[in-house]
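Reading through the C-alpha cells given below for one structure.
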Amino acid sequence: MRGTTRVKWVVGVAVLGLAATACGSSSDDKKDDKGGGGGSNGLPAGYFSAYSTEPQNPLQPANSNETGGFYPLQLMFRGLYTYDSKTGQPVPAMAESVESTDSINYTVKIKSGWTFHNGEPVTAKSYVDAWNWGALSTNKQINASPWFEKIEGYDAVHPKEGAPTSKELTGLKVVDDKTFTIKLVQAYSSFKASLGYVVYSPLPQEFFKDPAKYGEAPIGNGPFQLDSANGGWNHKKSLTVKKFDKYAGDDKPKSNGVQLQFYTSYDAGYTALRDNKLDVIDQIPTSAIGSFKKDLGERAIEAPQFSIQKIGFPLYDAGWGAPGKEKVRAGLSMAIDRASIVKAIYKGAEQPATDWLAPNIPGYSKDITGELTKYDPVKAKQLVKDGGGIPGGKLTIATNADGPHKEWVTAVCNSINEVIGQGSCEPKLYPEFGVARKDISGKKMTGAYRTGWRGDYPFPDNFLADVYQTGAASNDSGYSSPVFDDLAKRASAASDQTQAIQLWQDAEKQMVKDVPSIPLWYYVTKGGSSTKVSNVQFDPYGNPVWTEVTVK
Amino acid sequence: MGRYVVRRLLQMIPVFIGTTFLIYYMVYQLGGDPISAMFGDKGADPVFVRLKREEFHLNDPLIVQYWYYITDLLQGNFGTSFNGRPVAEELKRAFPVSIRLAMIAFAIEVVIGVGLGLLSGLRRGKLADTMVLAGTLVVISIPVFVLGTVAQFWLGSEWGIFEATASVGDPTWSQLVLPGLVLGSLSLAFVARLTRTSVAENMRADYVRTATAKGLPRRRVVTRHLLRNSLIPVVTFLGADLGALMAGAIVTEGIFNVDGVGRLIYLAVTKHESSTVVGAVAALVMIYLVMNLIVDLLYAVLDPRIRYA
C-alpha cells in the first residue's frame, strides 16, 4: 500500500499551497500600509506618488534619454535655467546672467547661496567639471552628443575613432567661483534657450570619487533630494525623493516629497489612478483615451504640448520628389478639414496647426502657412490637378496600428476622399511602431506617413533645423532645399535671437512653397490625478510640474 | 529508482548547454544593433555605440561571444545588461514574483480543476456535467486579456473583492490572488475537461467494478481507485503547465502590474539583451526539466504497474 500514502502527499501539496496563500494575505496587508503599493495613503505625510518607469541607466545628468531617467534628474537637479511651467520659456534658475555678443562666446555668472544636497556650495567649477565629465567619450554617457558637441574641443574628448586626446573641453574655462566662460564651435542662437535642459546640470565633487556609486544615489542641487530613509531608489519598484529644505530656487516644492512608482504599463497605472492608489499619471493609455474624461471627471487633465502631428512625404521617391508635386502636397493639405477632425476625434482639445512650430515657440505665427493649412475643397482639387495628380493615383498614409493614430489617419483620408474623389486616400497600417519607424528612417517609404515632433527646448531650430535641414539626423523625408539650408544656417548662427527668429520665419516661407510635410495639429498632454492631490499641472514638454503639486 | 534519477539528471547537462546556445544564437540572429536601438527615434551617437559594442564584445563572432558568456556563467556570473546592472539581480527579483504567481495559479487549477472534473465525470450527462462543460468552454474561448481586464474591473476596482493591481517589484500574496485566478483559469478548464474524460472512461474499468463488487464504500472507490488512475494525463499536463505559468504570463502580468519573468524576458528580447534572455530562459529550462522528472516519477506513484529501474 505504498502508493496510497503518496497520493495523500500530492493532495497535501495542493492544500499547502492554498494555506500559504491564505496566511500570506493577512500578514502582507500590514506590509502594504508601509508604502510601495497604495498611493499617497501608504506614503509619509505630504508625499504624493507619480507614474514612472525604472531608469534605464545610472542617474547621471547626461545619461538619460527616456522619461524614466529624466524625471528623477528633473526632481533632483537645477541648471542655469529652468522652463516656465505654463509658457515653456527659459527662466533663470542658477544663472545670474548669461551674456554673449556674438552667440559664440558666453560669460556665465551664477547666483550665490546655492548648495548641493550634501551642503557643498555650487560653483562655476561644479558646472565645468560636470560638463567635461559628461562629454568624455570613455564615460559612455548616452545623451552627451547632441548637447556638448556644440562646445569647442568636443572632437578631442569625444573622437570618432580611438581614445580621447584630452579630458577637458577647451571651450570651458572657470574664471572665478561664480563665473565661467563657454566658447562654442560656431554661433548658435538657440544655445541659451537650450541651457535649461537637464544635461547641463552641475555636479558636486562627491560625484567624481565614484560616478557609478553616485549614479545609484545622486546628490543634486534641485528642489528635491533622494529620500534614502523611505527607500531611495528601490530598483524596479520606486524612487522616492523628499523636499530639500535649503533649496535656493524660486520654485520651492509645495509637497513634502514624491514617490515615482514604476508601473509595468500605462494600463496598470491608469487602473491604479482610477482607484485612487496613484496620484499623478502623465499619459492616458490608448485603451482609455475615449473614456478618461468620463472616468476621471474633474481629475482628468489636459495641457498644451510643444508637439505637432504631421504627414510626411518620401521626397527621395521618384514620384513624390518630382518637381511640381509640391502643388499636389499643398492641395492635399487644403483638402484636410482640420477643425472638424479635431473636434470629432479629440473633442476640440487639440488645436489645428498653422505653423510647423508649436504655439509659444518664439516665432510661432497664426498665418505663416496662409492658405496651405486652410480647408478649401475647390482650390485643393485644382492644385492636385495642376500638379499632375497624386503619384501612383492613390495616397497612402502609413501609421502604426499599436498606437492611438489609426483613427485620425482614417479621418484625414476620409476628408481627402471627399474632396479629391473616392479612393484617392487610404491608411496603410504597420503592426507596430518599431517596424514603421525602421522603414521611415531607412528611407524605404513609397507613400506618405504620419510623423510627429516634440520639442526639447523652446526655439525654432529644434522644430526646423533638426527635421528639415539637409542631412539632419531626423530628416526622414529627405527634404533638401538650398534656400532653406542657407536661411537655416544663418538663423542658427545669428548673433541675436530676434534676428534668428526672423530668419527662421523666412526659412519657413520656403517650406510653404515646397511643402515637405503637412502640418495637422498640436498635441495636448492627457493626464490625470487622484483625489488626494491638487494643483497638478503639466508643462509644455509634457512633464508634471513637480514643485506645484499640493497634497490634501 | 535512484539510478534512474541520476541518469535523468546527467541528461540535463547536454540539454542545458544545447538550449543556452540555441537561445543565444536566436537572440544574436534578431538582427539590428541593440546599442543603436537604445537611442530610439533619435540618431545614435556613433562614438557611444562603438565604445559600448567593444565593452560587450558585440563585434566578435557568435561563438566567441557565447564562449565569454558560458565561461562566466559556469563561474556563477550571469553577466551584466547593457546599462551595467548585473543580470543575477534581475533574475533574483523576477523569479520569486513569478514563482508565487505560478503557485497560486497552480493551486487554483489543481484544486478547482480536478474537483470540477471529478464532479462532472461522475455525473456524466447530468446538469452539473453540462454546466461544467459549458463553463469551461466559455473560459477557453475568451482571450485572457478580456478575462483579465473584465475581472480586474469588476472583482477588483468596482466590487473591491480582490486587489486590482499589484505593487511593482514586490507584490504581496493577496495582490496575486486575482492575477493567479485569471492566469490559472485557462489551465483550470483544461484540467477539468481532462479529468472528466479520464474519470468517465475509468468508471467502466474492470478494477472499479471489482472494487465496487467487493463492497468498498463509494467514497473509497472514487478517491483511491478511480481518481488515482485517472490523474495520469492530468499530471502530465500540469507538469508542463507550471513552466508555462511562469514564463507565459506576460499578458496577465501586464494587466495586473506584476513585474515577473515573462515581462523580464519580453523586455530583454526587445532590447536584444542576450545575457538576460539566456539567463532567464536557462533557469526556466531547468524548471521544465525538473518538473518533467517529477511528473515521470509521479506516474509510478499513481500507477503501481509503472516501475523505473
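Coordinate-derived values only; no laboratory data. None of these values were measured; they are calculated from a predicted model. Using ideal geometry, Cβ is built from the backbone for each residue, glycine included, and neighbour counts are taken over all protein chains shown.
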Candidate lysines - alpha carbon under 18 Å from residue A:327, same-chain residues fewer than 8 apart omitted: A:310, A:374, A:379, A:381, A:385, A:394, A:509, A:513
Rounded to two decimals, what is the ratio between the C-alpha radius of gyration of segment B:248-289 and 2.2 N^0.38 Å? 1.16
Aspartates and glutamates within cross-link reach of residue B:271: Cα-Cα under 12 Å, excluding same-chain residues under 8 positions apart? B:33
Computed from every Cα-Cα pair in segment B:45-94, P(r) in 10 Å bins starting at 0 and rounded to whole percents is 23, 47, 27, 3
Can you give me the span-like helices of chain A, meaning DSSP H runs with 24 Å or more of Cα extent along the axis and Kyte-Doolittle mean at or above -1.0? A:2-33
How many Å³ per residue does the convex hull of the Cα positions in segment B:96-302 occupy? 130
Taking amide H positions as placed 1.01 Å from N in the peptide plane, with prolines and chain starts having none, which residues 5 or more places from residue A:284, or on another chain, fall under 5 Å of its amide H? A:526
Report, ordered by chain and residue number, the lysines lying within cross-link reach of residue A:183, taken as a straight Cα distance under 27 Å and ignoring same-chain residues fewer than 8 apart. A:109, A:111, A:125, A:140, A:150, A:160, A:167, A:173, A:192, A:489, B:42
For segment B:76-146, what percent of Cα pairs sit more than 21 Å apart? 54
Can you give the average number of partner chain beta-carbon atoms within 10 Å of each beta-carbon in peptide A:265-274, as a whole number? 5
Counting only residues 5 or more apart in sequence or on a different chain, those whose built amide H sits under 5 Å from that of residue A:351 are A:522
In segment A:423-503, what trypsin sites (Lys or Arg not before Pro) fall in a loop by DSSP, with at most 14 other Cβ atoms inside 10 Å? A:443, A:444
Expected vector for segment A:530-544, Karplus 3J(HN,Hα) from phi with 6.51, -1.76, 1.60 and θ = phi - 60°, integer Hz, x for Gly and Pro, equals 8, 7, 8, 10, 9, 6, 7, 10, 10, 7, x, 8, x, 9, x
Measure of compaction for segment A:301-349 (Cα Rg per 2.2 N^0.38 Å): 1.54
Rounded to the nearest whole Å³, what is the per residue volume of the convex hull around the Cα atoms of segment B:148-257? 123
Share (percent) of C-alpha pair distances in the protein assembly as shown greater than 46 Å works out to 35
Translational D (Stokes-Einstein, µm²/s) of segment A:304-525 at 20 °C and 1.002 mPa s when Rh comes from the Kirkwood sum over C-alpha pairs? 123
If you wrap segment B:185-309's Cα atoms in a convex hull and average its projection over all directions, what's the area in nm²? 10.2
Helix B:46-55 versus the longest principal axis of chain B: what angle, 0 to 90°, nearest 10, using Cα atoms? 60
Helix-derived [θ] at 222 nm for chain A: sum -39500 (n - 2.57) over DSSP H runs of at least 4, divide by residue count, nearest 500? -9500 deg cm²/dmol
Under the helix-only model (-39500 (n - 2.57) for each DSSP H run of 4 or more, divided by the residues of chain B), the mean residue ellipticity at 222 nm, to 500 deg cm²/dmol, is -22500 deg cm²/dmol
